[in-house]
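A.B. asks: Structure in structure tokens, see below.
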Amino acid sequence: MFGRRTAFRFGILLGVRSSPTPRQILAAIIGAVLCGVTIAWAVPEQSGGANKAAARSVQSAARSTPQQSSGINAPSSARTGLNIVVLDPAHGGTDQGARGTEGISESDEILQFAAATKKALEAQGLQVILTREGNDNPSFDDRSARANAQRGAVFITMHIASTGLTGTARVYVEPDAPQPNNITGLIPWDRAQTPFLSLSRKMGELVQQELSKRFKGSPDTLQTAPVRQLRTTAAPAIAVEISSVAVKERTELDRMVPGVAESIARGLSDFRPTYVVPTIPIPGGSVQP
């Protein structure tokens, strides 16, 4: 539209005769002025429109950048602030976990421990996400992904032992593993916990200290074990194993619920001021399954 309008106006000016009348001269001057105003107005509008369109394109591209739905973004810089605790009541659904006397099922019993722990953590001002609240059974990767999708989170998976010393509680972290040596700069999905092991140990030690105060016979220090839920978690992560399903009476487990919940809440309260997600200087800064 702008091109046709400008060509028409210039055509009028070029068609003026060599001996114009005063009225024609005046008309030509007015036409030239109007044409100049049109050009001055139209060019910025086009430029501004292009800039706006380009900005919209960049924003759209940023929004549409594909994310690794099955991977985890490794932190690119240090961040502070523990905000979220992802609690994982183990097993569920058709996977009942350990079975004990009086028809005790690990998957059922652990729900009451998780619910009480959630309440104790919320009293500390923390947001709590449960990987399950009923009799469902998320996959291992689904459980890890709940923590990996959060900013400023830790992960705690809760179990009741199949055997062992009743009335005690134990904390586990993943064993030490070498840092991935990958020229692509990507961390394999099943090694996602590796950069967070030192933080996991710090958190686990604090929780274990609280548990040992409340439950006689509990170890003073945490232990290591290859716990599947921890391996793919890109956040500080621990496993808490409680007593045993081999108790003589269900009430033995019930009596432990408040103490376990309070121990975990106190341990995380002590850990919270020192929580810093480590910097991982890798190109691309992502974790790939």
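The values are calculated or read from the model by the stated rules, or taken from the named source; none is laboratory data. No experiment lies behind these values; they were computed from the predicted model shown. Cβ: placed from backbone, ideal geometry, glycine included. Neighbour counts: every protein chain shown. Calculation scope for accessible area: heavy atoms of the full protein, side chains included, ligands and nucleic acids excluded. Shrake-Rupley method; radii C 1.70, N 1.55, O 1.52, S 1.80 Å.
A.B. asks: Give, in nm to one decimal, the length gained when the segment between I129 and T101 is fully stretched (0.36 nm per residue of separation minus the Cα-Cα distance).
C.D. replies: Answer, rounded to one decimal: 7.0 nm.
A.B. asks: Considering just Cα atoms, how many Å³ per residue does the convex hull of the range 109-256 enclose?
C.D. replies: Hull volume over Cα atoms, normalised by residue count, gives 118 Å³.
A.B. asks: Hey, another quick one. May I ask for the equivalent-ellipsoid semi-axes of the range 187-238, computed as the square root of five times each C-alpha gyration tensor eigenvalue and listed largest first in whole Å?
C.D. replies: In descending order the semi-axes read 25, 10, 7 Å.
A.B. asks: Further question on the same structure: What order do E205, E249, E109 take when sorted by accessible area (1.4 Å probe), most exposed first?
C.D. replies: Correct descending sequence by accessible area is E249, E205, E109.
A.B. asks: Suppose the chain between K248 and T94 were pulled fully straight at 0.36 nm per residue; how much longer would it get relative to their current alpha carbon spacing?
C.D. replies: 53.0 nm
A.B. asks: For the range 199-262, with all protein chains present and a 1.4 Å probe, just round the carbon and sulfur fraction of the accessible area to a whole percent.
C.D. replies: 49 percent
A.B. asks: In Å², and per residue, what accessible area does the range 140-181 have when probed at 1.4 Å with the other protein chains present?
C.D. replies: Heavy-atom accessible area per residue stands at 45 Å².
A.B. asks: Same structure again: Within the range 216-235, what residues put their amide N at less than 18 Å from the label point 7 Å along the Cα-to-Cβ vector of D176?
C.D. replies: The answer is 221-227, whose backbone nitrogens lie closer than 18 Å to the label point.
A.B. asks: Note down the nm distance, to one decimal, between modelled labels 7 Å out along Cα→Cβ at R255 and at S139.
C.D. replies: 4.2 nm
A.B. asks: Where only protein heavy atoms count, and the probe is 1.4 Å, what is the accessible area per residue for the range 189-275 in Å²?
C.D. replies: 40 Å²
A.B. asks: May I ask you to list the aspartates and glutamates whose Cα is less than 13 Å away from that of K248, ignoring any residue fewer than eight positions away on the same chain?
C.D. replies: E102
A.B. asks: Something else: What ranking of V173, V276 comes out by heavy-atom accessible area, probe 1.4 Å, highest first?
C.D. replies: V276, V173
A.B. asks: What spacing in nm lies between the two simple spin-label points modelled at T224 and N83, each 7 Å away from Cα in the Cβ direction?
C.D. replies: Using points 7 Å along Cα→Cβ, the separation is 3.3 nm.
A.B. asks: For S198 and R151, FRET efficiency with R0 = 22 Å and r from the beta-carbon atoms, rounded to 0.05?
C.D. replies: It comes out at approximately 0.65.
A.B. asks: Classify the range 77-183 as rounded, prolate or oblate, taking a ≥ b ≥ c as the square roots of the eigenvalues of its Cα gyration tensor: rounded when a/c is under 1.5, otherwise prolate if a/b is larger than b/c and oblate if not.
C.D. replies: prolate
A.B. asks: Extending each Cα 7 Å along its Cβ direction at T163 and V276, get the distance between those two points in nm, one decimal.
C.D. replies: Placing both labels 7 Å along Cα→Cβ, they lie 4.4 nm apart.
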